[in-house]
Amino acid sequence: QVQLVESGGGLVQAGGSLRLSCAASGSIDDIKSMAWYRQAPEKQRELVALITARGTTNYADSVRGRFTSSRDNANAKNTVNLQMNSMKPEDTAVYYCYSLVRIGCGVRGYWGQGTQVTVSS
């Protein structure tokens with residue numbers, strides 16, 4: 001099995017910063033990508049940021065320039081951090097870590113338990 005452990009999140013005022021971290025562990029042969037999604041009340045879950053095994057990053061238009069995705073170090077493909085700056089009330093959501101992994105011949109995705117992020121105006 002694969003486990004994703006998230007940390008960070010909480011309450012912050014608009015304009016402030018928060019940092020989320022996630023680490024994947026378990027019987028993993030290779031990690032294809034790590035990502036952060038978020039889901040606000042009564043809205044669909046959306047991709048926030050993604051980092052591939054090669055270190056390429058991609059961001060939702062709504063967070064580009066404010067959020068930065070990174071790993072603990074260049075070799076730690078099983079980790080993903082999300083530095084969130086200049087936060088806005090519309091960033092309020094439950095944030096989920098996601099990992100696309102290869103186990104044997106199969107590839108599948110795993111989700112973390114989610115962490116609440118609340119931005120007050």
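The values are calculated or read from the model by the stated rules, or taken from the named source; none is laboratory data. For clarity, every value in this text was computed on a predicted model and none was experimentally measured. Heads up, the Cβs are rebuilt from the backbone with ideal geometry, glycines too, and the neighbour counts pull from every protein chain shown. Ligands, DNA and RNA are excluded from the accessible area calculation, which covers all protein heavy atoms including side chains. Shrake-Rupley method; radii C 1.70, N 1.55, O 1.52, S 1.80 Å.
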- Please report, in debye to the nearest 20, how large the charge dipole of the chain is about its Cα centre when each Lys and Arg carries +1 at its beta carbon and each Asp and Glu carries -1 there. 200 debye
- Item | Spatially proximal lysines relative to LYS77 (Cα-Cα < 17 Å; intrachain offsets below 8 disregarded) | LYS32
- Item | Highest-fluctuation residue, THR79, THR56, THR68 considered, GNM on the chain with Cα pairs under 10 Å | THR56
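Using only the Cα atoms, what convex hull volume per residue in Å³ does the chain have?
97 Å³
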- Task: Would you please state which residues of segment 1-41 a label at TRP111 would reach in this model, taking the label point 7 Å out along Cα→Cβ and a backbone N cut-off of under 16 Å?
- Result: 2-6, 35-41
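So for segment 55-113, considering every pair of alpha-carbon atoms, how many percent are separated by more than 13 Å?
Values: 1216 of 1711 pairs.
It works out to 71 percent of all Cα pairs.
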- Tell me, Kirkwood radius of segment 22-92 from alpha-carbon pair distances, in Å? 13.0 Å
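So, with a 1.4 angstrom probe, what is the percent of accessible area on the chain that is carbon and sulfur? Please list the in-between numbers first.
Working: 3000 of 6400 Å².
On the chain, the fraction of accessible area on carbon and sulfur atoms equals 47 percent.
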- Take the Cα of GLN1, step 7 Å along the line toward its Cβ, and report every residue of segment 22-63 whose backbone nitrogen sits under 12 Å from that point. 26-27
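Heavy-atom accessible area per residue, the chain, 1.4 Å probe: how many Å²?
On the way: 6400 Å² over 121 residues.
With all protein chains present, the chain gives 53 Å² per residue.
Could you give the length gained on full extension between LYS43 and ALA60, defined as 0.36 nm per residue of separation minus the Cα-Cα distance, in nm? Each step should come with its number before you reach the end.
Working: separation 17, 0.36 × 17 = 6.12 nm, distance 1.55 nm.
This chain segment gains 4.6 nm when fully extended.
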- Given the Cα-Cα distance of ASP29 and ASN75 and 0.36 nm per residue of separation, how much length would full extension add, in nm? 15.1 nm
